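So the structure is just underneath, and the comments pick up after that.
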Amino acid sequence: MRLGLITLVVPDYDQALAFYRDRLGFTLAEDTDLGAGKRWVIVVPPGGGGAGLLLAKAVTPEQAARVGDQTGGRVGFFLDVDDFGREYARLLAAGVPFEEAPRHEVYGTVAVFLDPYGNRWDLIEPVR
């Protein structure tokens, strides 16, 4: 088994693509029109490793209330990289907001960044 997709509730498909595809460098794996303004939008990390994100547009007040806070303020997403310095510099240049300077932990080099909605992500180069 493997984890295939993780749903990420967003307010707008194209705004989410502008961040995940255009700034983070994820690949658009699928964008299918399902009718009535609904789409099946999947982005995957560069290189195709790991689970994909299903970008799901919030359509109810309950869903809209969870945009940006799907994990109660905790880091909920982890983007593993092989070269922290290169990826950190690339994301900074792309305007990705980091909450902190990079730090070294026993498990690797890490810094927390935010998506446009406030979801917290770890950019991490694990100790190998």
Out of the DSSP beta bridges found with both residues in the chain, what percent are antiparallel (nearest 5)? 65
Heavy atoms only, probe 1.4 Å: what % of the accessible area of the stretch 4-128 goes to carbon and sulfur, would you let me know? 54
Within the stretch 25-62, backbone nitrogen closer than 11 Å to the virtual label 7 Å beyond the Cα of R2 toward Cβ: 48-52
Quick one: go through the stretch 41-58 and flag any residue whose amide nitrogen is under 12 Å from the point 7 Å out along the Cα-to-Cβ line of D69. none
Mind sorting out which of (i) 40, 32, 24; (ii) 47, 33, 28; (iii) 47, 37, 21 is the real Cα extents along the principal axes in Å computed from the coordinates? (ii)
With P46 itself left out, Lys, Arg at +1 and Asp, Glu at -1 over residues whose Cβ is under 14 Å from its Cβ give -1
Once Lys and Arg are counted +1 and Asp and Glu -1 for all other residues with Cβ under 11 Å from that of F19, the total becomes -2
Run the helix sum for the chain: -39,500 (n - 2.57) per DSSP H stretch of 4+ residues, divided by residue count, reported at 222 nm to the nearest 500 deg cm²/dmol. -5000 deg cm²/dmol
Hey, what angle do you get for helix 84-93 against the long axis of the chain, alpha-carbon based, 0 to 90 degrees rounded to 10? 50
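The values are calculated or read from the model by the stated rules, or taken from the named source; none is laboratory data. If you're wondering where the values come from, they're calculated on a predicted model, not measured in any experiment. Reconstructed Cβ throughout: ideal geometry from the backbone, glycine too, with neighbour counts over all protein chains shown. Calculation scope for accessible area: heavy atoms of the full protein, side chains included, ligands and nucleic acids excluded. Shrake-Rupley method; radii C 1.70, N 1.55, O 1.52, S 1.80 Å.
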